[in-house]
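**Q** Quick one: this structure, given as structure tokens, is what I'll be asking you about.
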Amino acid sequence: MERREQPVVPVARLAAVTREQFLRDIYPRRQPVVLKGMELGTCTTKWTVDYLSQAEGSKEVKIHVSAVPQMDFLSKNFVYRTLPFDVFVQRAAEVKHKEYFLSEDEKYYLRSVGEDARKDIADMRKQFPILAQDVQIPEYFEKEQFFSSVFRISSAGLQLWTHYDVMDNFLIQVTGKKRVVLYSPRDAPYLYLSGTKSKVLDVDNPDLEKYPLFVKAKRYQCFLEAGDVLFIPALWFHNVISEEFGVALNVFWKHLPAESYDKSDTYGNKDPTAASRAIQILDRALKTLEELPEEYRDFYARRMVLRIQEKAYRNDYG
């Protein structure tokens with residue numbers, strides 16, 4: 001199939017703004033934006049490889065290890081391993097490894113979790129208390145809205161799968177550089193979803209024989225340098241490529257009423273409870289349609305789609 005390019009829209013880059021400016025001028029637009037020059041504390045200068053290693057010592061951390069740069073959560077092309085934090089940091093900063101699990105050029109990724117990942121949220125102040133003292137998180141939301149602070153370390157060249165989160169968040173790039181590709185929630189029909197994740201792993205060179213509609217998705221893109229903060233609104237798909245070894249912090253907060261969220265969600269990626277119920281009802285409706293002959297099933301399925309569009313689609317969606 002002939003290669004077609006996705007339209008690319010640069011994500012807006014703005015100088016540091018106050019909380020009031022963010023809430024008045026940026027937040028209501030529900031668009032990603034990069035904020036530069038934010039006051040983030042001493043982390044941007046202190047967090048060298050040696051400092052990170054010494055600060056949290058040999059506490060054990062569970063990490064992702066992949067023999068290939070593109071990690072795929074759907075096919076699970078990586079393994080989980082445990083390493084002392086100081087050893088992990090040194091390895092993640094290397095390009096070639098003398099000691100390794102899969103291959104000498106394997107990639108490492110830490111996504112911090114709570115003490116009990118099934119019950120506890122990630123909170124850097126609890127899991128990495130010494131390093132947390134170096135960070136000043138932009139408090140552009142109410143304290144009771146805070147959900148989690150996720151500490152992340154990535155090898156150079158690592159690419160994470162495209163996915164969406166159900167909460168607003170700041171991606172704070174403390175050290176290193178990242179390229180982030182984003183897609184609007186409106187382009188979900190072109191992203192070949194499986195749950196919250198896209199099946200299209202390589203967003204730069206997609207298989208258009210397998211994913212022909214993907215080219216219709218409008219691609220937003222930005223490059224993050226040390227000290228940059230990317231606002232990612234809830235439901236915006238994002239694919240993150242670490243161009244260098246780097247350390248980052250995600251801060252998620254609840255912008256819907258607290259009761260809207262699944263109480264068992266420790267990662268912040270379960271659909272709101274009303275959405276989950278609606279999907280279950282739809283699945284039952286589709287199962288019921290199977291009782292009809294194909295011609296009737298097709299006709300009433302199309303009527304259902306039209307009804308959903310009429311009742312639930314936004315007309316002003318940019």
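**Q** Choose one answer from Q221, Q90, Q280: the residue with the largest mean-square fluctuation in a GNM of the chain with alpha-carbon springs under 10 Å.
**A** Result: Q280 has the largest fluctuation of those listed.
**Q** Enter the Cα centre distance for the pair region 54-120 and region 175-199, rounded to the nearest angstrom.
**A** With region 54-120 and region 175-199 each reduced to a Cα centre, they are spaced 23 Å.
**Q** Using a Förster distance of 25 angstrom, determine the FRET efficiency expected from the C-beta separation of E39 and V9, and round it to 0.05. Provide the component values of the computation, followed by the final result.
**A** Numbers: r = 28 Å, r/R0 = 1.13.
The calculated FRET efficiency here is 0.30.
**Q** Relative contact order, percent, of the chain when contacts are C-alpha pairs under 8 Å separated by at least 6 residues? Mind dumping the intermediate values first?
**A** Working: 597 pairs, mean separation 70.3, N = 318.
It rounds to 22 percent for the chain.
**Q** How about region 78-149: which trypsin sites (Lys or Arg not before Pro) there are in a DSSP loop, with at most 13 other Cβ atoms within 10 Å of their Cβ?
**A** Those satisfying the criteria are K96, K98, R118, K119.
**Q** Label the chain by shape, choosing from rounded, prolate and oblate, from the square roots a ≥ b ≥ c of the eigenvalues of the Cα gyration tensor; if a/c is under 1.5 it is rounded, and otherwise prolate applies when a/b is larger than b/c, oblate when it is not.
**A** prolate
**Q** Is the shape of region 256-318 best called rounded, prolate or oblate, per the rule: a/c under 1.5 gives rounded, else a/b larger than b/c gives prolate, else oblate, with a ≥ b ≥ c the square roots of the Cα gyration tensor eigenvalues?
**A** oblate
**Q** Magnitude of the Cβ-charge dipole of the chain, K/R +1 and D/E -1, about the Cα centre, nearest 20 debye?
**A** For the chain, the charge dipole is close to 560 debye.
**Q** Then there is this: Using only Cα atoms, find the angle between the long axis of helix 273-289 and the longest principal axis of the chain, and express it within 0 to 90 degrees, rounded to the nearest 10.
**A** 40 degrees
**Q** Ordered by residue, what ³J(HN,Hα) values in Hz, to whole numbers, does region 185-200 give under the Karplus form 6.51 cos²θ - 1.76 cosθ + 1.60, where θ = phi - 60° and Gly and Pro are x?
**A** x, 5, 8, 3, x, 9, 9, 6, 7, 10, x, 8, 10, 8, 6, 7
**Q** Aspartates and glutamates near K270 by alpha-carbon distance under 20 Å, same-chain residues fewer than 8 away left out - which ones?
**A** Partners found: D72, E115, D116, D120, D123, E144, D165, D168, D187, E259, D262, D283.
**Q** First compute the accessible area of the chain with a 1.4 Å probe, then give the percent of it belonging to carbon and sulfur atoms.
**A** Answer for the chain: carbon and sulfur cover 52 percent of the accessible area.
**Q** Same structure, new question: Over 19 Å between C-alpha atoms is what I'm after, so list which of K76/K178; K126/K178; K107/K177; K119/K178 land there.
**A** K76/K178; K126/K178; K119/K178
**Q** Over the chain, with the other protein chains present, what is the accessible area per residue in square angstrom, probe 1.4 angstrom? Spell out each step's value before the answer.
**A** Numbers: 17050 Å² over 318 residues.
Accessible surface, normalised per residue, equals 54 Å².
**Q** Got the relative contact order for region 59-199 handy, in percent, Cα pairs under 8 Å and 6 or more residues apart?
**A** Relative CO of region 59-199 lands at 25 percent.
The values are calculated or read from the model by the stated rules, or taken from the named source; none is laboratory data. Predicted model only: the values in this text are computed from it and were never measured. As a convention, Cβ positions derive from the backbone with ideal geometry for all residues, glycine included, and neighbour counts pool all protein chains shown. Quick note on the areas: whole protein, heavy atoms, side chains included, nothing else; ligands and nucleic acids left out. Shrake-Rupley method; radii C 1.70, N 1.55, O 1.52, S 1.80 Å.
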